[in-house]
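Asks: Pasting in a structure now, in C-alpha cells, and then I'll have a few things to ask.
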Amino acid sequence: MKDLLLNIEKNSRPLEPDSAERDRIRKKIINYSEQFLDNIDHLPAYVMSEDKGKGISESPIREEPDSIDEIIALIHKNIDTPGLNPASGGHLGYIPGGGIYSASLGDYVADITNRYAGVFFAGPGAVRMENMLISWMAEMVGYPQGFAGNLTSGGSVANLIAIVAARDAFDIKGCDVDKAVIYATDHSHHCIDKAIRISGLKEAVRRNIPMDESFRMNEEMLESQIISDIKAGLKPFLIIASAGTTDVGAIDPLKEIGIIADKFNLWYHIDGAYGAFFALTEEGKQKLQGMELSDSIVMDPHKGLFLPYGSGAVIIKEKHKLYNSQYYVANYMQDAQKEPEELSPAELSPELTKHFRGLRLWLPLKLHGVKPFRACLEEKLLLSKYFYSEVQKLGFEVGPEPELSVVTFRYVPEKGDADKFNEMLVNEIHKDGRVFITSSKLNGKFILHLDVLSFRTHLSTIDLALEILKQLTEKIKSQNSTSK
Ligand SMILES: *Cc1c(COP(=O)(O)O)cnc(C)c1O
C-alpha cells in the first residue's frame with residue numbers, strides 16, 4: 001500500500017513545481033505578457049479573421065503535457081489575435097472594460113495563496129477586505145450605515161441579486177406574480193430582463209416608461225402609471241432606473257424617481273454598472289445626485305474602475321433584506337456560522353466557494369491611491385465632449401450631448417440611404433481595425449456608437465478615431481460616386 005502511494009505521489013508531483021520549474025514557466029509567461037504590453041499601442045483593436053481561433057478547439061487535452069512554448073503559441077494565435085482586443089485603447093465600442101496591470105498582480109497573489117473568501121470563519125481577513133471595499137463603494141453612493149453588498153462576477157449577476165432581494169422583500173409568491181408591476185424603460189440593459197425572468201418574475205407586468213428627448217425616464221409618466229396601476233388593482237413593487245444607459249449613456253432622473261419610490265413605497269433599484277463610478281469625479285457626482293435614495297445599486301469595477309473582466313458589485317441599503325434573500329442553512333457549515341462578526345459573501349450571494357475578487361480591486365486602490373482612477377474618469381468625460389464637438393466638424397450628425405462617455409453619431413450623405421452609408425462605414429472601420437466602434441439603432445435609425453471607458457484611451461486615440469472616420473467616409477463617398 002505504502003509503495004503504491006509513493007509511486008502515485010511521484011506521478012502527481014508535477015502539480016507542485018519546485019522553484020526552478022516555477023521560474024522557468026513563469027519567465028515564459030511574463031515574457032509573453034510583457035511583449036503584449038510593450039506592443040499594446042500598435043496592436044489592432046479589432047481583427048477580422050477567417051478561422052476565429054479554431055486552433056484551440058483542434059488542440060485536444062491529452063494525457064501527456066504540451067510544452068510551455070507550444071501553449072503560449074496557441075494562446076497568441078487563437079486567443080489574443082482574432083476578434084476584439086479589449087486591452088487596446090482603441091476599443092471604443094459597447095462599454096469598454098479595463099485590465100489594469102496591478103489587478104493582475106492581485107489575482108496572482110489570490111490564486112497562489114487561494115484564501116477562502118466565501119466565509120468569515122475560514123478567511124476572516126479576505127472577507128473583511130471584500131466588505132471593506134463594499135463600504136468604500138457604499139460611501140461613494142451615499143448610503144448610511146446598515147447596508148450590505150457583494151463583489152460579483154459582473155453587472156448581470158449583481159442586478160439579479162438586487163432584483164431577487166426586491167422580490168423577497170416584497171414577499172412576492174408565485175400566485176402574486178401576475179399582479180406585480182415593474183417599472184423601467186426601453187433602454188434598460190437586457191440583463192435586467194434576463195434577471196426578471198430568472199427570478200421567476202416573467203409574468204409580472206412590465207411597464208416601459210416613456211423617455212424624454214435625452215432618453216431619460218419621464219418621471220411624470222412614471223407617477224401617473226403607478227397611480228393608474230394601483231387603481232386597476234395591480235401591485236407596483238419595483239422601479240429600475242439606469243445611471244448610464246448602454247444605449248446613449250443617459251442617467252435617469254435619480255432624485256425624482258427616488259421621491260416617487262418613497263411616496264408609493266416601492267423598491268428603487270439603480271443599474272449603475274456603467275455609470276456609477278463616475279461619482280468619483282466632481283461632474284459625475286453632480287449628475288448622479290439621488291443615487292443615495294435607492295434601495296439597491298449595481299456598479300461594475302470592470303468598467304468604471306478599469307479592472308479586468310470578472311468584477312461587478314451590488315449593494316443593498318438595508319443589510320437584512322439581502323441576508324434574508326440569500327442566507328443558507330446546512331449542518332456541515334455549523335463551525336462556519338458560529339460567530340458572525342462580519343457577514344460573509346456566502347450569506348449575501350448565490351455563491352459559496354468563489355474567486356477571491358477583493359484582492360484584484362484592493363491591491364490597485366492601495367498601490368495607486370484613488371487619485372489616478374479619478375483622473376482617468378475625468379479624462380474620459382472630457383474626451384467624449386471633445387469627440388462630440390470634433391466629429392460634428394467632420395459633417396457628422398450627433399445624438400444628445402454625452403451625459404457621461406457615450407457619443408452617438410451618424411453620417412448623412414447628400415445622396416443615397418444614410419442607414420446603408422453608416423452600415424458600410426462601420427464595416428470599413430472593423431476591416432481597418434485600428435479602432436473599434438459599434439453600430440446600433442436609435443429611434444429606428446442606424447447609428448454609430450463611440451464609448452470612451454478604456455483606461456488606455458487618450459487624446460491621440462480619439463484623434464486617430466476622427467482621422468479614420470474622415471478617411472473612410474471619403475472612401476465610401478468616392479466609391480459611391482464612381483459606382484453611379
Ligand atoms: C455592462 C452593463 C450591464 C451588464 O454587466 P456585465 O458586467 O456585462 O454583466 C448591465 N447594465 C449596464 C448599464 C451595463 O452597462
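Asks: How would segment 1-95 be classified by its alpha-carbon gyration tensor: rounded, prolate or oblate, with rounded meaning a/c under 1.5 and the a/b versus b/c comparison settling the rest? Let's see the in-between values first.
Replies: Numbers: a/c = 3.48, a/b = 2.12, b/c = 1.65.
Prolate, because a/c is 1.5 or more and a/b exceeds b/c.
Asks: Mind checking the alpha-carbon convex hull of the chain and giving the volume per residue in Å³? It would help to have the intermediate numbers written out before the result.
Replies: Details: hull volume 92.2 nm³, N = 484.
Output value, Cα hull per residue: 190 Å³.
Asks: While we're on this one: If you build the convex hull over the alpha carbons only and average its shadow over all orientations, what do you get for segment 303-368? Give it in nm² to one decimal. Write down the numbers at each step before the final one.
Replies: Details: hull surface 23.7 nm².
About 5.9 nm², averaged over all directions.
Asks: Continuing with this model, one more query. State to the nearest 20 debye the size of the charge dipole of segment 1-109 about its Cα centre, where the only charges are +1 on K and R beta carbons and -1 on D and E beta carbons. Each step should come with its number before you reach the end.
Replies: Values: 12 positive and 19 negative charges, 29 e Å.
It works out to roughly 140 debye.
Asks: Assuming 0.890 mPa s and 25 °C, estimate D for segment 246-328 with Stokes-Einstein, Rh taken as the Kirkwood radius over Cα pairs, in µm²/s. Please list the in-between numbers first.
Replies: Values: Rh = 13.7 Å.
Taking Rh from Cα pairs, D becomes 179 µm²/s.
Asks: Quickly rank 187-193, 237-243, 126-132, 386-392 as a protection proxy: mean count of other C-beta atoms within 10 Å, highest first.
Replies: Values: 187-193: 19.1, 237-243: 28.3, 126-132: 20.9, 386-392: 17.1.
The packing order, highest mean first, is 237-243, 126-132, 187-193, 386-392.
Asks: Would you mind getting me the FRET efficiency between residue 353 and residue 40? Use the beta-carbon distance for r and R0 = 41 Å, nearest 0.05. All intermediate terms of the calculation are to be shown ahead of the outcome.
Replies: Values: r = 34 Å, r/R0 = 0.83.
My answer for the efficiency is 0.75.
Asks: Grab the alpha carbons of segment 262-391, take their convex hull, and tell me the volume per residue in Å³.
Replies: Hull volume normalised by residue count: 155 Å³.
Asks: Okay, moving on. Just round it to a whole percent: the fraction of Cα-Cα distances in segment 210-294 exceeding 14 Å.
Replies: On the way: 2215 of 3570 pairs.
Counting pairs separated by more than 14 Å, the tail of P(r) holds 62 percent.
Asks: Accessible area per residue of the chain at 1.4 Å probe, in Å²? Before the final figure, lay out the partial values.
Replies: Working: 24310 Å² over 484 residues.
Result: 50 Å² of accessible area for each residue.
Asks: What FRET efficiency do you get for residue 231 and residue 401 if R0 is 60 Å and r is their Cβ-Cβ distance, rounded to the nearest 0.05?
Replies: 0.95
Asks: With the cut-off at 1.5 for a/c, could you classify segment 406-484 from its C-alpha gyration tensor as rounded, prolate or oblate? Working shown, then result.
Replies: Numbers: a/c = 2.46, a/b = 1.46, b/c = 1.69.
Cα axes put segment 406-484 in the oblate bin.
Asks: With the Cα gyration tensor of segment 112-229 in hand, give its eigenvalues times 5 under a square root as the equivalent ellipsoid semi-axes, listed largest first in whole angstrom. Please list the in-between numbers first.
Replies: Values: eigenvalues 221, 65, 37 Å².
Over the Cα atoms of segment 112-229, the semi-axes work out to 33, 18, 14 Å.
Asks: Next question. Please state the shape class of segment 181-243: rounded when a/c is under 1.5, otherwise prolate if a/b exceeds b/c and oblate if not, all from the C-alpha gyration tensor.
Replies: Values: a/c = 2.65, a/b = 1.04, b/c = 2.56.
Judged from the Cα gyration tensor, segment 181-243 comes out oblate (a/c at least 1.5, b/c at or above a/b).
Asks: Given the -39500 (n - 2.57) contribution per DSSP H run of 4+ residues, what per-residue ellipticity at 222 nm results for the chain, rounded to the nearest 500 deg cm²/dmol? The partial results should precede the final answer.
Replies: Details: 17 runs with 213 residues, N = 484.
Calculated mean residue ellipticity at 222 nm is -14000 deg cm²/dmol.
Asks: Over the chain, with every protein chain in place, what whole percent of the accessible area is carbon and sulfur at 1.4 Å, could you tell me? Before the final figure, lay out the partial values.
Replies: Details: 12980 of 24310 Å².
Using a 1.4 Å probe with all protein chains present, the chain comes out at 53 percent carbon and sulfur.
Asks: Stokes-Einstein at 10 °C, 1.306 mPa s, Kirkwood radius from Cα pairs: D for segment 86-164 in µm² s⁻¹?
Replies: It diffuses with D of about 105 µm²/s by this estimate.
Asks: Using 18 Å as the Cα-Cα cut-off, could you pick out the over-long pairs in 194/441; 255/371; 255/317? Don't skip to the end; give the middle numbers.
Replies: Details: 194/441 21 Å; 255/371 27 Å; 255/317 16 Å.
In this structure, 194/441; 255/371 exceed 18 Å between Cα atoms.
Asks: Nearest 20 debye, what's the magnitude of the dipole of the chain about its Cα centre given +1 on Lys and Arg Cβ and -1 on Asp and Glu Cβ?
Replies: Numbers: 55 positive and 68 negative charges, 38 e Å.
Value, rounded to 20: 180 debye.
Asks: With charges only on Cβ, +1 for K and R and -1 for D and E, what is the dipole size of segment 413-482 about its Cα centre, in debye, rounded to 20?
Replies: On the way: 10 positive and 10 negative charges, 14 e Å.
It works out to roughly 60 debye.
Asks: So how far, in whole Å, is the C-alpha centre of segment 78-106 from the one of segment 212-265?
Replies: With segment 78-106 and segment 212-265 each reduced to a Cα centre, they are spaced 34 Å.
Asks: Based on the Cβ-Cβ distance of residue 319 and residue 393, what FRET efficiency does E = 1/(1 + (r/R0)^6) give at R0 = 45 Å, to the nearest 0.05? Spell out each step's value before the answer.
Replies: Details: r = 52 Å, r/R0 = 1.15.
Computed FRET efficiency for residue 319 and residue 393: 0.30.
Asks: Which of the lysines could a cross-linker bridge to residue 231, judged by Cα under 24 Å and excluding same-chain residues fewer than eight apart?
Replies: Of all the lysines, those that pass the test against residue 231 - Cα under 24 Å, at least 8 places apart if same chain - are 173, 179, 202, 263.
Asks: Something else: Tell me the Kirkwood radius of segment 25-159: reciprocal of the mean inverse pair distance over distinct alpha-carbon atoms, in Å.
Replies: Working: mean 1/r = 0.0539 Å⁻¹.
One over the average 1/r among Cα pairs gives 18.6 Å for segment 25-159.
Asks: Still on this structure, please answer the following. What nm distance separates the two modelled labels at residue 50 and residue 478, each placed 7 Å from Cα along Cα→Cβ?
Replies: 2.9
Asks: Starting from the residue with the highest accessible area, list 34, 58, 213 in decreasing order, probe 1.4 Å. Please list the in-between numbers first.
Replies: Working: 34 70, 58 125, 213 150 Å².
Final ranking, largest accessible area leading: 213, 58, 34.
The values are calculated or read from the model by the stated rules, or taken from the named source; none is laboratory data. Computed from a predicted structure; not experimentally measured. Backbone-built Cβ (ideal geometry, glycine too); neighbour counts: all protein chains shown. We work out accessible area using only protein heavy atoms, side chains counted, and drop any ligands, DNA or RNA first. Shrake-Rupley method; radii C 1.70, N 1.55, O 1.52, S 1.80 Å.
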